[in-house]
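> Let me give you the structure first, and then I'll get to my questions.
The values are calculated or read from the model by the stated rules, or taken from the named source; none is laboratory data. No experiment lies behind these values; they were computed from the predicted model shown. Ideal geometry is used to build each Cβ from the backbone, glycine not excepted, and the neighbour counts take in all protein chains shown.
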Amino acid sequence: MKTKDILYKLLVAIAVITLISGVLQMLQPGLVLGVVGGEGTPGNLHSFAIIGMFMLFFGGLLLHALLSEQHHPIAVFWAGLQKFGAFAAVGLGVFNGLLSVLALGVAIFDLFSGFLIIWYWLTIK
């Protein structure tokens, strides 16, 4: 039986946020790209939509793993790595002038999420 403590509930919220923002980014990449200060070229819009699709997949993977009766440490581990990768990618985008400083809020959310996910993974593996 899973303990549904505050960490578990935070991760469910993170998974849902990742899933919903992924769907939004996949369907409306220009809207999301505009918020983070990216240039809305056709290539950027296409790439951003693809990134949104993978956000949907990893958010769904984490949510599925959390809501399942059994622990799924491998899925949780890879969802955590995805968050660290997202932090690095967005941070590099800001550093290289491709995204505005506002995008650092997304990067910090992903970094914080990655640490929480790995913390949870350490408790279930």
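> Pick from 56, 7, 33: which is at pLDDT below 95 and part of a helix (DSSP H, G or I)? Don't jump to the end; show me each part of the working.
On the way: 56 fails: at pLDDT below 95; 7 fails: at pLDDT below 95.
Being at pLDDT below 95 and part of a helix (DSSP H, G or I) holds for just one of 56, 7, 33, which is 33.
> Also, quick follow-up: Return the residues of the range 62-74 that are under 21 Å from residue 118 (Cβ atoms) and in contact (Cβ under 8 Å) with a residue 24 or more places away in the chain; say none if nothing qualifies. Steps first, answer last, please.
Taking the range 62-74 as the starting set, the residues that turn out to be under 21 Å from residue 118 (Cβ atoms) are 62-68, 70-74.
Of everything in the range 62-74, those that are under 21 Å from residue 118 (Cβ atoms) and in contact (Cβ under 8 Å) with a residue 24 or more places away in the chain turn out to be 62, 63, 66, 67, 71, 73.
> While we're looking at this one, here's another question. Only one of 68, 21 is closer than 29 Å to residue 96 by Cβ, among the hydroxyl-bearing types (Ser, Thr, Tyr) and at pLDDT 95 or above; which? Walk me through it before giving the result.
On the way: 68 fails: closer than 29 Å to residue 96 by Cβ.
The conditions single out 21.
> Let me ask something additional. Within the range 1-56, work out how many residues are in contact with a His (Cβ under 9 Å, 6 or more places away or on another chain) and either loosely packed, with under 15 Cβ neighbours inside 10 Å or without any contact (Cβ under 8 Å) to a residue 60 or more places away in the chain (or both).
2
> If we keep just the residues of the range 75-100 that are closer than 19 Å to residue 30 by Cα and either in contact (Cβ under 8 Å) with a residue 40 or more places away in the chain or part of a helix (DSSP H, G or I) (or both), which is nearest to the chain's Cα centre (by Cα)?
From the range 75-100, those closer than 19 Å to residue 30 by Cα are 86, 89-90, 93-94, 97-100; that's our starting set.
From what is left, the residues that are either in contact (Cβ under 8 Å) with a residue 40 or more places away in the chain or part of a helix (DSSP H, G or I) (or both) are 86, 89-90, 93-94, 98-100.
Values: 86: 7, 89: 11, 90: 11, 93: 16, 94: 17, 98: 19, 99: 17, 100: 18 Å.
Among residues in the range 75-100 that are closer than 19 Å to residue 30 by Cα and either in contact (Cβ under 8 Å) with a residue 40 or more places away in the chain or part of a helix (DSSP H, G or I) (or both), the one nearest to the chain's Cα centre (by Cα) is 86.
> Take residue 64 and tell me if it is outside any helix (DSSP H, G or I), in contact with a helix residue (DSSP H, G or I) (Cβ under 8 Å, 6 or more places away or on another chain) and surrounded by fewer than 18 Cβ atoms within 10 Å (Cβ to Cβ). Steps first, please.
Numbers: outside any helix (DSSP H, G or I): no; in contact with a helix residue (DSSP H, G or I) (Cβ under 8 Å, 6 or more places away or on another chain): yes; surrounded by fewer than 18 Cβ atoms within 10 Å (Cβ to Cβ): yes.
Criteria not met by residue 64.
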